[in-house]
Amino acid sequence: MRKNLYLIIILFSLVSCYTYQVKKPADPAMDKKGNKKESNERAAPADTNSPQTKNTATKSQGADLQQTSVPVDIQGKLTPGKNVKIDVDGRSYKVIVDKWESDSLVAHPVRNSKKVLKFHKNQINGERIAEKRFSQPIADIITVAAYAGIGVLIYSLVK
């Protein structure tokens, strides 16, 4: 029984509630609750041959193209002091951002603050920048597992 308790304590010490998550860009077609908004442009009249309907369809297709080709502001995402995971030329780095020198990012690895890394902003994959954030689902799982472990411990002591 004691070995199992030590194993559980060691496993809980290795689990972290913080994960690296890619921040998704806000979709203007969604409201705050995650439901799709109905736009006035998409509510077209029943006559599909009218020039107004064709114009509306063209506008909505143009808006969709603009949304998909929005460039990522790398310097805005990587501000000094942030703990991030970035992809540079196919390799993944967990770094803490120090500063920007012109178009180059100066950072140091999370585990080694003495080492300095420099990356040009064109080398960094802007779509895969992941910030270190608190993960509520993982915290909930750890909490439930801890309560279950305490329950089993109390049950075994009473029995």
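Rule-based calculations on the coordinates, nothing more; no lab input. Since the structure is predicted, the reported quantities are computational estimates derived from the model, not experimental observations. Ideal geometry is used to build each Cβ from the backbone, glycine not excepted, and the neighbour counts take in all protein chains shown.
Side notes on the structure shown:
- Annotation for segment 81-98 versus segment 114-137: alpha-carbon center distance of 3 Å.
- Net +/- balance of residues flanking Asp87 in space, Cβ distance below 14 Å, scoring K and R +1, D and E -1: +3
- Counting only Cβ charges, +1 for Lys and Arg and -1 for Asp and Glu, the dipole size of segment 67-159 around its Cα centre is about 380 debye.
- Each Lys or Arg adds one and each Asp or Glu takes one away; over the other residues whose Cβ falls under 14 Å from the Cβ of Thr19, this sums to +3.
- Computed extension length for Lys118-Lys77: 13.1 nm, one decimal, from 0.36 nm per residue of separation with the Cα-Cα distance subtracted.
- Average silhouette area of segment 76-159, convex hull of alpha-carbon atoms, in square nanometres: 8.0
- Net charge over other residues, Cβ less than 11 angstrom from the Cβ of His120 (K, R count +1; D, E count -1): -1
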